[in-house]
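For reference, the structure is listed below as structure tokens.
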Amino acid sequence: MTVDELKKETPKPARLGFVGWLRWGWRTLTSMKTALILLFLFALASIPGSLVPQRSVEPDKVALIYQNDPALAEWYDRLHLFDVFSAPWFAAIYLLLFTSLIGCVLPRTTTYLKELRRKPPTAPKNLSRLPYHAAVEGPLDADEAARRLRKLRFRVATGPGWVSAEKGYLRETGNLLFHIALLGLLVSVGIGSLYGYRGNVLVVEGDGFANTVAAYDRYMPGNRVSAESLEPFHFTLNDFQATYQVTGDKRGQELDYTAKLRVNDSYDYDLKVNEPLDVNGTLTYLIGHGYAPVFKVTDGKGQVAFNGPVPCLIEQKATLTSGCVVKVPDAQPQQLGFLLQFLPTSVQLHSGGYVSAFPGAAKPEAKILGAFSGDLGVRSGKPQSVYELAPPEVMKKLNPLVMGSKAPPPLAVGKSFDLPGGVGKIEFTDVKEWMTLQIAYDPGRMPALLSSALATVALVMSLMIRRRRVFVRIKDGIVDVGGLTRTEGSGAGFAEEFADIVKVLSAGEKDVR
């Protein structure tokens with residue numbers, strides 16, 4: 001036979017084709033191995049959401065990263081690390097896991113229902129070959145053995161001279177319930193994403209908040225949420241109280257903080273970190289706080305161009321040393337801008353500098369880092385951060401009035417500083433505090449809780465319950481009992497149970513449990 005003839009007779013491998021590849025992809029996606037990998041990836045993908053500040057929870061920390069390291073912040077933003085749980089790559093893992101779980105649960109449920117209707121198999125002829133074997137003394141027939149095994153909650157099948165019993169079907173029930181609970185958890189998250197919303201807002205002492213879209217600093221609605229969907233309520237922040245450790249190694253550590261609210265002009269509520277305000281399912285969480293010193297700026301014409309609290313960005317968490325920006329676009333004849341540092345408990349170092357020694361406002365002072373005049377660019381139409389005086393290209397055009405060695409000592413409450421050239425004056429008048437809130441409505445919250453509880457119960461069932469079989473054969477007055485487990489690694493626990501079963505089968509009528 002020639003080589004050409006051999007090639008002609010050799011069968012070519014069959015091609016899968018488009019439908020074949022689809023079937024292969026579906027079987028791979030819906031396999032248990034793939035589901036476990038996707039579940040691991042889902043947990044792994046959630047880690048950056050805990051390590052990197054999220055815009056929806058800590059917008060002030062995100063702003064601080066942009067301020068301290070703009071290049072790193074830009075990369076974080078490109079990779080959606082500031083919004084992990086709404087990132088496209090996170091949604092892809094979520095949807096693949098959802099599809100994989102459905103593909104796992106449906107065929108397993110069908111198989112399990114068939115298994116429930118199936119009777120235990122016929123008892124083997126030689127029970128001595130089973131992992132567990134014993135001989136029972138005393139008169140015992142198949143019907144009596146079946147009755148005693150039913151009392152032990154075994155499913156029983158009988159035949160001529162033999163009994164087959166099986167127990168532990170709830171183990172597979174636990175497995176299925178666990179997967180169904182995971183599906184319920186994913187569906188609950190999806191419902192919350194579609195019909196729920198979240199928003200962040202910063203509120204200063206003495207100010208209020210109304211639950212409207214315009215009142216939010218950042219608003220993230222679900223696809224099915226409209227402005228009319230928001231629960232109507234409002235409150236006023238009457239007072240903010242924070243307590244700190246004053247002695248010992250943990251001096252300055254936060255002990256507690258409380259926001260005292262007046263809700264809907266009808267009742268008072270103490271808002272704490274783990275005690276959100278609940279208004280018909282809409283939850284208001286307290287997630288952070290800081291200082292908002294009050295400044296009064298008089299321009300060169302003697303008019304008050306600015307007077308109000310300025311929320312400051314925390315620079316040092318241990319002492320709540322904060323950076324403040326004051327923009328005065330209405331000042332005449334030139335706009336004014338100030339870079340300040342707020343020191344809650346100001347102390348002077350031997351070198352002459354000033355720092356904060358404690359996070360509580362024991363000796364509040366405001367240090368002027370820089371004062372500028374000129375066009376701040378706030379009317380250019382381009383968005384600007386409230387924590388940034390001006391973009392770098394605008395800062396180059398400003399006229400520095402006070403910087404470095406020309407800066408005055410820190411201002412105490414009630415003190416002021418006259419700017420050179422008679423262009424204005426800044427006065428530090430009071431100290432207030434701000435709080436950051438997250439207002440959230442999540443209709444999937446309770447289903448997610450129930451799904452989590454079901455998953456826990458189902459996991460316990462699948463781990464604790466063992467699938468096992470017991471067989472009895474009666475021949476020529478000899479009663480043989482055999483047993484085996486259908487769950488790998490559960491033999492040690494079954495040994496004692498098998499011994500108890502043998503005792504029940506060999507006991508007299510009065511001793512049967």
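The values are calculated or read from the model by the stated rules, or taken from the named source; none is laboratory data. Worth saying up front: this structure is predicted, and the values here are computed from it rather than measured. Quick reminder, even Gly has a Cβ in these numbers, built from the backbone with ideal geometry, and neighbours come from all protein chains shown. Surface areas here come from the heavy atoms of the whole protein model, side chains and all, with no ligands, DNA or RNA. Shrake-Rupley method; radii C 1.70, N 1.55, O 1.52, S 1.80 Å.
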Checklist outcome for this item: Expected output for segment 16-38 (first residue surrounded by 11 or more Cβ atoms within 10 Å (Cβ to Cβ), partner at pLDDT 80 or above and among the aromatic types (Phe, Trp, Tyr), Cβ below 7 Å, 6+ apart or cross-chain) is Leu16/Trp24
Checklist outcome for this item: Just one listed residue, out of Leu237, Leu277, Leu261, Leu255, is at pLDDT 95 or above, in contact with a strand residue (DSSP E or B) (Cβ under 6 Å, 6 or more places away or on another chain) and closer than 25 Å to Thr319 by Cβ, and it is Leu237
Checklist entry - So Leu313 clears everything in (1) surrounded by fewer than 21 Cβ atoms within 10 Å (Cβ to Cβ); (2) out of contact with any Phe, Trp or Tyr (no Cβ under 7 Å at 6 or more places or on another chain); (3) not charged (D, E, K, R) except one condition, right? Which one? => result (2)
Checklist entry - Glu254 is checked against (1) surrounded by fewer than 19 Cβ atoms within 10 Å (Cβ to Cβ); (2) over 24 Å from Gln438 (Cα atoms); (3) of a type in the set (Asp, Glu) and fails just one. What number does that condition carry? => result (2)
Checklist entry - For segment 72-91, which residues satisfy the criterion of being farther than 14 Å from Val52 by Cα and open to solvent by less than 60 Å² (accessible area, probe 1.4 Å)? => result Phe90, Ala91
Next on the checklist: Which count do you get for residues in segment 469-484 that are surrounded by fewer than 17 Cβ atoms within 10 Å (Cβ to Cβ) and among the hydrophobic types (A, V, I, L, M, F, W, C)?
Outcome noted: 1
Checklist outcome for this item: Condition set of a type outside the set (Val, Ile, Thr) and in contact with a Pro (Cβ under 8 Å, 6 or more places away or on another chain), scope segment 407-428, selection farthest from Ala331 (Cα to Cα): answer is Ala412
Checklist entry - Here is a list of conditions, (1) open to solvent by 20 Å² or more (accessible area, probe 1.4 Å); (2) over 30 Å from Leu463 (Cβ atoms); (3) touching a residue at least 60 places away in the same chain (Cβ under 8 Å); (4) in a helix (DSSP H, G or I), and Leu185 meets all of them except one; can you say which number that is? => result (2)
Item to check | Options Leu149, Leu113: the member that is surrounded by 12 or more Cβ atoms within 10 Å (Cβ to Cβ) and either assigned to a helix (DSSP H, G or I) or not basic (Lys, Arg) (or both) | outcome: Leu149
Item to check | Residue tally, condition surrounded by 13 or more Cβ atoms within 10 Å (Cβ to Cβ), in a helix (DSSP H, G or I) and either without any contact (Cβ under 8 Å) to a residue 12 or more places away in the chain or in contact with a Phe, Trp or Tyr (Cβ under 8 Å, 6 or more places away or on another chain) (or both), over segment 47-59 | outcome: 1
